[in-house]
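Since the structure comes first, as structure tokens, the remarks are kept for the end.
A short reminder: the numbers here are calculations on the coordinates, not readings from a lab. Keep in mind it's a predicted model, so treat the numbers as computed, not measured. Please note: Cβ atoms are built from the backbone with ideal geometry, for glycine as well, and neighbour counts cover all protein chains shown.
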Amino acid sequence: MIHIGLSHFLFVSSILFSLGIFGIVTRRNAVMVLMGIELMLNASNINFIAFAKYGNFGLQGQIMALFVIVLAAAEAAIALAIVLNIYKTFSTVNVDEIDTLKD
Amino acid sequence: MSIYDIIFYLFATITLVSAFFVVTIRNIVYSAFFLLFTFFGVAGIYVILGADFVAMVQLIIYVGGILILILFGVMLTNKITNVQIKIGTSQIIPASIGVGLFAGILTASLVNTPWRKIDTAPLLPTTQGLGLMLISEYGVVFELLGILLLIALIGAASLARK
């Protein structure tokens with residue numbers, strides 16, 4: 001039986017990252033795109049903390065993970081404000097239909 | 001198989017299965033609730049990796065803050081009375097092929113790289129060390145993040161009330 005090591009955590013984070021990309025490119029709702037971005041940020045956080053443990057970096061990886069969490073909070077607040085404005089202007093949050101700049 | 005391995009597989013399964021449901025299920029409210037389980041699973045993985053404080057921050061900020069924001073976004077941008085809440089997906093097949101290729105390459109390269117591994121003993125509890133680093137070594141970043149959060153708060157408020 002293989003003991004749990006760094007590669008197991010890297011596997012989980014890379015699959016989570018890919019699922020986030022899948023959510024971003026396939027879902028039409030802008031809020032769902034935001035959820036995909038949150039999944040990707042979580043995957044990067046797992047990487048930071050796994051390398052902090054297995055790479056002998058002490059606590060620096062965990063500090064970086066905290067910073068990423070703060071940035072994710074700020075990003076979520078701004079993005080949802082923008083989504084609300086889009087909804088007020090276009091009455092939809094379908095990212096395929098918001099193509100006024102194309103004309 | 002030790003208890004450590006079993007707990008890891010449990011949390012990894014919770015995380016990946018609920019993340020899969022987040023991106024595939026059609027009802028966006030269910031997606032938001034599956035996102036809750038994903039965040040819980042990721043917090044469990046942090047605990048396994050010896051990051052107790054980050055796991056608590058994950059629970060408080062992601063589950064308590066960001067998920068509530070996302071649920072508000074869902075509620076405010078969908079007409080609940082109409083059956084508009086189910087939203088479609090687009091271009092499933094090309095996206096599956098592309099993302100599958102990407103996931104394969106990323107996973108293979110990450111797992112097969114011979115990382116220089118030094119398995120250190122877990123630094124428990126981490127709270128004191130993190131606090132000291134935040135006010136000494138990373139003090140400037142800490143202050144900048146405070147300013148950033150203030151700007152984000154003001155920006156979000158002024159954007160949303162326009």
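Among A:ILE63, A:ASN42, B:PRO114, whose Cα sits farthest toward the positive end of the charge dipole of the protein assembly as shown (+1 at Cβ of Lys/Arg, -1 at Cβ of Asp/Glu, about the Cα centre)?
A:ASN42
Which of rounded, prolate or oblate describes chain B when judged by the alpha-carbon gyration tensor and an a/c cut-off of 1.5?
Note, shape of chain B comes out oblate.
Would you mind checking the tilt of helix A:6-26 against the longest principal axis of the Cα atoms of chain A, expressed as 0 to 90 degrees and rounded to 10?
10
Are there DSSP H segments in chain B that both extend 18 Å or more along their axis (alpha-carbon positions) and score a mean Kyte-Doolittle hydropathy of at least 0.0? List them, or say none.
B:3-24, B:28-48, B:92-112, B:139-160
Within 10 Å of each Cβ in B:55-66, how many Cβ atoms from other chains are there, averaged over the peptide?
4
Taking each residue of B:1-12 in turn, how many C-beta atoms of other protein chains fall within 10 Å of its C-beta, and what is the average?
That works out to 3 on average.
May I ask you to derive the FRET efficiency for A:ASN85 and A:GLN60 from their Cβ-Cβ distance with R0 = 35 Å, giving the value to the nearest 0.05?
Efficiency at R0 = 35 Å is approximately 0.40.
Along Cα→Cβ, 7 Å out, is where each label goes; now give me the distance between the ones at B:VAL47 and B:THR127 in nm to one decimal.
1.5
What FRET efficiency comes out for the pair B:MET1/B:ASN27, r = Cβ-Cβ distance, R0 = 25 Å, nearest 0.05?
Step by step, r from the Cβ atoms, then E = 0.10.
Return the average number of partner chain Cβ atoms within 10 angstrom of each residue Cβ along peptide B:106-115.
Mean partner-chain Cβ count within 10 Å for B:106-115: 5.
Using a Förster radius of 22 Å, what is the FRET efficiency between A:HIS3 and A:VAL68 based on their Cβ-Cβ separation? Nearest 0.05, please.
Approximately 0.20, to the nearest 0.05.
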